[in-house]
Structure formats: structure tokens, C-alpha cells
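S.K.: What follows is a single structure, and I will ask about it in a moment.
The values are calculated or read from the model by the stated rules, or taken from the named source; none is laboratory data. For clarity, every value in this text was computed on a predicted model and none was experimentally measured. Glycine also receives a Cβ, built like all others from the backbone with ideal geometry; neighbour counts cover every protein chain displayed. To get the accessible areas, we keep the full protein, side chains included, count just its heavy atoms, and leave off ligands, DNA and RNA. Shrake-Rupley method; radii C 1.70, N 1.55, O 1.52, S 1.80 Å.
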Amino acid sequence: MVNHKVSLAFLFSLLFPIKAGIAQSTDVENLKAEAVSSIDSLTKLNQEIIDSLFSFAELGFQEFETQRYLTDILEENDFEVELGVAGIPSAWWASWGSGEPVIALGSDVDGIPRASQMPGVAFRQPMIEGAPGHGEGHNSGQAVNIVAALAVKEIMETKGLPGTIVIWPGIAEELLGTKAWYARDGLFEGVDAVLFTHVSNNLTVSWGRARGTGLVSVEYLFDGVAAHGAGDPWKGRSALDAVELMNIAWNYRREHLHPLQRSHYVISNGGDQPNVVPSSASVWYFIREVSADGIRNNFSTLHQIAEGASLMTDTSVSRRIVGAAYPRHFNRPIALAMDENIKNIGLPNWSEDDQQFAKALQTLMGAEEPEGLATDLAGITPDLEQPISGGSDDIGDISWNVPTVTLRYPSNVRGLQGHHWSSAMAMATPIAHKGAITGAKVIATTMLDLISNDTLVEEAQNYFEDIQTADEQYSPFISPDDLPAIDKNEDIMAEFRPMLEELYYDADRFETYLDQLGVDYPQLTPMEIRRN
Ligand SMILES: [Zn+2]
């Protein structure tokens, strides 16, 4: 499964050693061409990683099968792996090589609750009713990074180029649960550049302030007094009342918050049964805003409301930070270099089947004139002049510690719904596979820009110090005492893992996961799932 061909090129390099440091740009272009063709020979590994992670369908903080599978591949390829970094059991830090530059490739790996969906079919069909699934496409980014890293590693070995490659996972990104902790615990000290990858429906990069928000994710836990709901309710103090009053107050307060904020909550514990006054209840909030100060202000308002609710109900309250994400700021010099590589590599060559499938999904999701897969590059996005609200990603915290960019690669279909089963439909099909290979080529060529050109590393650092952090200083939303919320999703995965295991992709027996499931891609009419 893993490419072991240490190659004639290596033997050749022993006979004709090339000095470290590639001065000529034509040399760099030759190395890039070599990386691109080496990536074309890694398409099988790419497909196996994507299909395997799709079948594991693990939620945040419970990505243990994903961890085992990916770190095995990395160890087989001579990466040194440390498991459980930053007190997060499903996390890891894998590194290979020595010296500078240190380039750290990251991508998220967790799934979405209740997004279980058959891949390659153009109709709603959960693989397991109620189970998690890859309804965000986080099963594809590690394939991008590992394939790129293996291609570049081979070149570094044969050419004797110095540098260190790190591969790390975004654990529990859907909970914004780990990257601020990684940064706090110093994982990125000594890293020169972070190339982050995220699934998308085009091939793009941005620099400066990114669209979207940062956030604090916080759970408020109220403690009251239990009593018989009918016998002597006057003896009880309802923690659920506190939760409800808190939510009412927040919903009134919304009118007086800046309109670019986004906030939402779920009642994570609403009590046990109606005839027992709930002595314990909790509510879990995401407080999003476009600026760090905006987040801090709204968080402090929320806290005041929680204390008010506690006072009104004669209950006590405590809070727990579950996640944090800084508003993102991406590095200009690296983004510009990456954009040149994007223009050279271009979008994948989609087949007619791919286009037919994409259009069927778009029609399913209500498009009157489905546009299919992107065939034109969207182009680089510069620093936003005005903030635009939306989602968050905890890569923001890393982007304030190290020069960072995010490559968005075309493994999914445009026009689908985010955090939804429709976004899982293409994620174990040729669309996902081709998009990731294209992404890997951009990552590998950008790594070669950094490795072969000290100036780019310097320019990236200068931008980070003299422009990005000149006016705004990073001040994390988490304290040294906040622990990662590693218990989240334990119960859901305990329920579904045994059923998911029966459907894990078996790469020894089946060419692809679609073959294993008996899907005739693109499958436009309902079918039975084959279970092996
Ligand atoms: Zn994501």
C-alpha cells in the first residue's frame, strides 16, 4: 500500500551528489515536475487513505482508528510519531528529516454527527441510521498532506536537501477543540511554516484576514436541588429553569449585538425525567464574532447572563471551555507562492461520470440549473477590506503563532449543504480522490518553494512580524488551566463503532470502497448496501 521504491534516483544521487541549496529557479521547476509525477504514482495510496477514513466516520476526540491507520503509514515511511500530544489521546505529531525549514502540514480528521451517508449514490441513504459520517469531507485532507510529504521526502533524500516535514491532525475541529491547545502547549515553536489543507469545491488560497469568525465554545453547568415534581416541588431548585432563563436572556440580547456575530446553543443536559426537579442541567454555546475583541465582549455578556440565571433560580453555575478559535489571518508571501503553483497545476480533469454525479447531487439539493464541478480556478482571495461573518476554524490560533496558509482543494461538489449528509456523498468517489491528488501537487510544490528558497521563509517571517502582528497581538481565549474536552463524543462512538466496524473499508479485498459497497458510480437510483 505504501510506496517503497527507494528508486534509481537515489542511487544516481550517490554517484552524482548535488549540493544542498537550490539556487537556480530552473532547478526548482525541475524538482516540482518530479514531485508532480511522483504524486501521480501515489494515487492508490491517496484513494485508500480517503476511503478508509470515510469508512471510520469518527467524531471529534474519538479519532482512534484514524490515528492508528495514519500513524502506521507514517511510521512505515520513517516518520517519528508521538501519540497523544497536548493531552489529547487521539492526536499525534509525526516528523521526518532534520534542520530547517520546518514545514508542518495539517488537516482535520473528524466527522459530523448523524451525517452517515452512502457515497457515490445520488439519493439520501444513511449507511447506518443516526451514525456519524464525513459530512464535512475531513476524510480527505490527510491524504493530500501525506501524499505530498512522501513525494517531497523522496526528493529531499535523493538531492540531500535539509529540512523537516511534520504531519499533524486537526482533532475535533468540528468542536474547535484542539488547535488552541496545541499552540498553548508549544507544539509549533520552531516551526517555520504551516501549510493547512481543507476540503472545498475549488482550488484556492487566501491571505490576510479570512472570511468567517472566531469563537469561544463554552458549556454552562447549573446545579440545583432535586425534589418530587408533584409531591413537594417547592423544595426543589431547577437547574433546567436556569438554562431556559439563560437562553431567553441571550435571545433578547441578540438584538443589541453587532449583526456580524453568530451564536448558537444546544441543551446538553436538560434533566432526567419530568417528575424529578432537575438538579443538574447544562447548555453549550458557540459565541462567534469577526474580531477577537468582539468575541471577548460577547463572551463576557454571556457570562453575566449565566450568573443572572443562577441568581434568579437559586442555583449555582460553573463553566467549562470546550473549544476556541481565533479569527484567521493567513500569510501573504506563502499564499502568493502557492497561488503560482495553483495556476500551474489547475483543476482536475473531471470525467463525464463525475460531472453527471455532481449535477445529480445539485439537483437533489434543489438546484434548478445544476452547474456541475468547477472547471475554472476561483483565484486567490486577498485580505478582506470588510469582515464577512460565517463559520470558524481553529487554524486561526495557529495562524497567530506561525506563518500559515490554508489550501482549499476540490474534493467536494459545490452547492451542497454544509455539516449535512449531502456533503458526504462525493467524499469516497473519484471526485474526492482527484481533488486530493490535485491538492497534494500544490502542497508539494509549495513545500519545494520553501525548502529550496530561504528568501520565501524569510519573507513569510517578515510579513508575520512586521505586518500581521504589528498592530494585533495574539491573546488566546483559553487559559493554562483549561483542559481539552476529550470526553466529548465518547458515548456516541461507543454506540456506533461496532456497527461502523462492519463497514470499514478492506483495501486488501476491494479496489475501492465503492467496489466494496457494490455502488455502480454514479448510482442515480436507490440500491441495497452490500455488507461484507
Ligand atoms: Zn472543516
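S.K.: Is it fair to say residue 416 is surrounded by 21 or more Cβ atoms within 10 Å (Cβ to Cβ), within 16 Å of the ligand (Cβ to nearest atom) and assigned to a loop (DSSP other than H, G, I, E, B)?
M.R.: Yes, satisfied.
S.K.: Might you check whether a residue that is farther than 18 Å from residue 107 by Cα, in contact with a Ser or Thr (Cβ under 9 Å, 6 or more places away or on another chain), open to solvent by 30 Å² or more (accessible area, probe 1.4 Å) and modelled with pLDDT of 95 or more occurs anywhere in the range 321-339?
M.R.: Within the range 321-339, not a single residue is farther than 18 Å from residue 107 by Cα, in contact with a Ser or Thr (Cβ under 9 Å, 6 or more places away or on another chain), open to solvent by 30 Å² or more (accessible area, probe 1.4 Å) and modelled with pLDDT of 95 or more.
S.K.: Going through the range 400-413 one residue at a time, which ones are away from the ligand (no atom under 16 Å from the Cβ) and either open to solvent by less than 10 Å² (accessible area, probe 1.4 Å) or touching a strand residue (DSSP E or B) at 6+ places or on another chain (Cβ under 7 Å) (or both)?
M.R.: 400, 402, 403 - these are the residues of the range 400-413 that are away from the ligand (no atom under 16 Å from the Cβ) and either open to solvent by less than 10 Å² (accessible area, probe 1.4 Å) or touching a strand residue (DSSP E or B) at 6+ places or on another chain (Cβ under 7 Å) (or both).
S.K.: Right, next: Quick check on my filter: what residues within the range 273-297 are closer than 17 Å to residue 254 by Cβ, open to solvent by less than 20 Å² (accessible area, probe 1.4 Å) and out of contact with any Asp or Glu (no Cβ under 6 Å at 6 or more places or on another chain)?
M.R.: Scanning the range 273-297 gives 283, 285, 287, 289, 294.
S.K.: Turning to a different aspect of this structure: Which numbered condition in (1) assigned to a strand (DSSP E or B); (2) within 16 Å of the ligand (Cβ to nearest atom); (3) of a type in the set (S, T, N, Q) is the only one that residue 263 fails?
M.R.: If we test residue 263 against (1) assigned to a strand (DSSP E or B); (2) within 16 Å of the ligand (Cβ to nearest atom); (3) of a type in the set (S, T, N, Q), just (2) comes out false.
S.K.: Kindly evaluate residue 457 against the criterion of being in contact (Cβ under 8 Å) with a residue 12 or more places away in the chain, within 21 Å of residue 332 (Cβ to Cβ) and open to solvent by 10 Å² or more (accessible area, probe 1.4 Å).
M.R.: In short, yes.
S.K.: Let me confirm something: among 379, 323, 308, 390, which residue is in a loop (DSSP other than H, G, I, E, B), touching a helix residue (DSSP H, G or I) at 6+ places or on another chain (Cβ under 9 Å) and among the small types (Gly, Ala, Ser)?
M.R.: None of the other options fit; the residue is 379.
S.K.: Among the listed residues 270, 208, identify the single one that is under 30 Å from residue 348 (Cα atoms) and open to solvent by less than 50 Å² (accessible area, probe 1.4 Å).
M.R.: 208
S.K.: Quick one: which helices (runs of 4 or more DSSP H) lie wholly within the range 434-532 and hold at least 2 residues that are under 21 Å from residue 50 (Cα atoms)?
M.R.: Ranges flagged: 490-501, 513-517.
S.K.: If residue 228 satisfies every condition in (1) surrounded by 22 or more Cβ atoms within 10 Å (Cβ to Cβ); (2) out of contact with any Ser or Thr (no Cβ under 6 Å at 6 or more places or on another chain); (3) not basic (Lys, Arg) but one, which is the exception?
M.R.: Exception for residue 228: condition (1).
S.K.: Return the total of residues in the range 82-97 being open to solvent by less than 40 Å² (accessible area, probe 1.4 Å) and free of Cβ contacts under 8 Å to residues at least 24 places away in the same chain.
M.R.: 1
S.K.: When only residues in the range 152-187 that are in a loop (DSSP other than H, G, I, E, B) and surrounded by fewer than 24 Cβ atoms within 10 Å (Cβ to Cβ) count, which is nearest to the ligand (Cβ to nearest atom)?
M.R.: 187
S.K.: Under 6 Å between Cβ atoms, at least 6 apart or on separate chains: pull out the pairs that start in the range 186-201 with a residue that is in contact (Cβ under 8 Å) with a residue 12 or more places away in the chain and closer than 16 Å to residue 400 by Cβ and end on any residue that is more than 16 Å from the ligand (Cβ to nearest atom) and in a loop (DSSP other than H, G, I, E, B).
M.R.: Pairs that qualify, where the first residue is in contact (Cβ under 8 Å) with a residue 12 or more places away in the chain and closer than 16 Å to residue 400 by Cβ and the partner is more than 16 Å from the ligand (Cβ to nearest atom) and in a loop (DSSP other than H, G, I, E, B), are 188/401; 188/402; 191/402; 192/101; 193/403; 194/402.
S.K.: Contact list please: Cβ distance under 8 Å, first residue in the range 388-399 and more than 17 Å from residue 171 (Cβ to Cβ) and open to solvent by 10 Å² or more (accessible area, probe 1.4 Å), second residue modelled with pLDDT under 95 and in a helix (DSSP H, G or I), pairs at least six apart or on different chains.
M.R.: Correct list of pairs: empty, since none qualify.
S.K.: Sticking with this structure for a sec: Could you list, in sequence order, the residues of the range 336-366 that are more than 24 Å from residue 442 (Cα to Cα) and part of a helix (DSSP H, G or I)?
M.R.: Answer for the range 336-366, where residues must be more than 24 Å from residue 442 (Cα to Cα) and part of a helix (DSSP H, G or I): 352, 353, 356, 357, 359, 360, 361, 362, 363, 364.
S.K.: Identify all residues within the range 419-433 that are in a loop (DSSP other than H, G, I, E, B) and open to solvent by 10 Å² or more (accessible area, probe 1.4 Å); write none if there are none.
M.R.: Passing the criteria: 419, 420.
S.K.: Being at pLDDT below 95 and either on the phi > 0 side of the Ramachandran plot or more than 16 Å from the ligand (Cβ to nearest atom) (or both) is the requirement here; does residue 125 meet it?
M.R.: yes
S.K.: Provide a single number: the residues in the range 103-141 that are open to solvent by 10 Å² or more (accessible area, probe 1.4 Å) and either basic (Lys, Arg) or under 20 Å from residue 435 (Cα atoms) (or both).
M.R.: 4
S.K.: If you don't mind, another one. Residue check: is residue 100 among the charged types (D, E, K, R), open to solvent by less than 40 Å² (accessible area, probe 1.4 Å) and assigned to a loop (DSSP other than H, G, I, E, B)?
M.R.: Answer is no for this residue.
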